[in-house]
Each structure stands twice: as C-alpha cells, then as structure tokens.
Amino acid sequence: MDVITGITRGGTAWTPSFVTNLNAKTCIGCGRCYKVCTRDVLELIDRSEDDIDEDDEDDSESIASVMSLSNPMDCTGCGACSRVCPKSCFKHSPMAVGA
Ligand code: SF4
Ligand code: SF4
C-alpha cells in the first residue's frame, strides 16, 4: 500500500499521520487543538448526552462543549493537535494515496 508522503524544505521525506478519530468522551472542550490547527478541521460544538463519559473523574457532565472533526479531509497530518491535547483524545494514522 502506498501511503501519502511529504517532503521538508530541506528535502527530507516524512509521512503525515492524519487525524482519524477524536474521542468526545474524554475531550474537555479546552480548545487547545483548535488554536494550533492551521487547517479548517476542528470545530467546538455543544456536547450531546452520548458524549458524556460516566467514568470520567473530571466530571465532564459539567462541560458544555466538545471538539469535533468538522472537516477531516482538510487535515495535513501535522500532529500538532495531539501534541497539545491534555486528554490524548486524537487518533492518527498514515493514509493510502487516494483513500
Ligand atoms: S493533524 Fe494538524 S492539520 Fe490535522 S487536525 Fe491535527 S493540527 Fe489540524
Ligand atoms: S485539546 Fe483535546 S481536550 Fe482540548 S478541546 Fe482539543 S480534543 Fe478536547
């Protein structure tokens, strides 16, 4: 399987790891990921009943908003969102060309 690859300014090849999932149950709606994403991928939305994690000790029921993947096809796989997320909400993966 050929995956999408990129190249740095210095000519080094790298493999983007695109966002494939955002765990709404662990998200605390802090907005850190939104601030660092340079693409139109993320959107803060109202939390639904289904997004509440009953086992979360942080009492997420009191958090009214949750981040969502509004436009995942615009992701460049930079990984910045995961680097700043305090709750490890994101999953990433390389993608096949044309997938
Ligand atoms: S990997 Fe980069 S482009 Fe994709 S959602 Fe995260 S910050 Fe945005
Ligand atoms: S950084 Fe993590 S916890 Fe904060 S809004 Fe984004 S996904 Fe949710």
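The values are calculated or read from the model by the stated rules, or taken from the named source; none is laboratory data. Just so it is clear, the model here is predicted, and its values are computed rather than measured. Heads up, the Cβs are rebuilt from the backbone with ideal geometry, glycines too, and the neighbour counts pull from every protein chain shown. The area values use the complete protein model at the heavy-atom level, side chains included, leaving out ligands, DNA and RNA. Shrake-Rupley method; radii C 1.70, N 1.55, O 1.52, S 1.80 Å.
Think of the chain as a dipole: +1 on every Lys or Arg Cβ, -1 on every Asp or Glu Cβ, centred on the Cα centre; then among 48, 26, 84, 84 lies furthest on the positive end. Estimated at the nearest 10 Å², the accessible area of residue 90 is 20 Å² with a 1.4 Å probe.
Residue ranking by accessible heavy-atom surface, 1.4 Å probe, largest first, among 49, 43 comes out as 49, 43. Computed over protein heavy atoms with a 1.4 Å probe, the carbon and sulfur contribution to the accessible area of the chain reaches 48%.
Hey, what D do you get for segment 6-93 in µm²/s if you plug the Kirkwood alpha-carbon radius into Stokes-Einstein at 10 °C and 1.306 mPa s? Let's see the in-between values first.
On the way: Rh = 13.8 Å.
Rounded, D is 115 µm²/s.
As a test of the formula, what do you get for the chain when each DSSP H run with n ≥ 4 contributes -39,500 (n - 2.57) and the sum is divided by the residue count, at 222 nm and rounded to the nearest 500 deg cm²/dmol?
Working: 2 runs with 10 residues, N = 99.
The helix contribution divided over the chain gives -2000 deg cm²/dmol.
With a 1.4 Å probe and all protein chains left in place, how much accessible area per residue does the chain have, in Å²? Mind showing how you got there, number by number?
Numbers: 6630 Å² over 99 residues.
In whole numbers, the chain has 67 Å² accessible per residue.
The simple Förster model, with R0 at 30 Å and r as the Cβ-Cβ distance, assigns residue 73 and residue 49 a FRET efficiency of 0.60. Residues in segment 39-50 carry Karplus couplings, in order, of 10, 8, 9, 10, 8, 7, 10, 5, 6, 9, 4, 5 Hz; the curve used is 6.51 cos²θ - 1.76 cosθ + 1.60 with θ = phi - 60°, and Gly or Pro positions show x.
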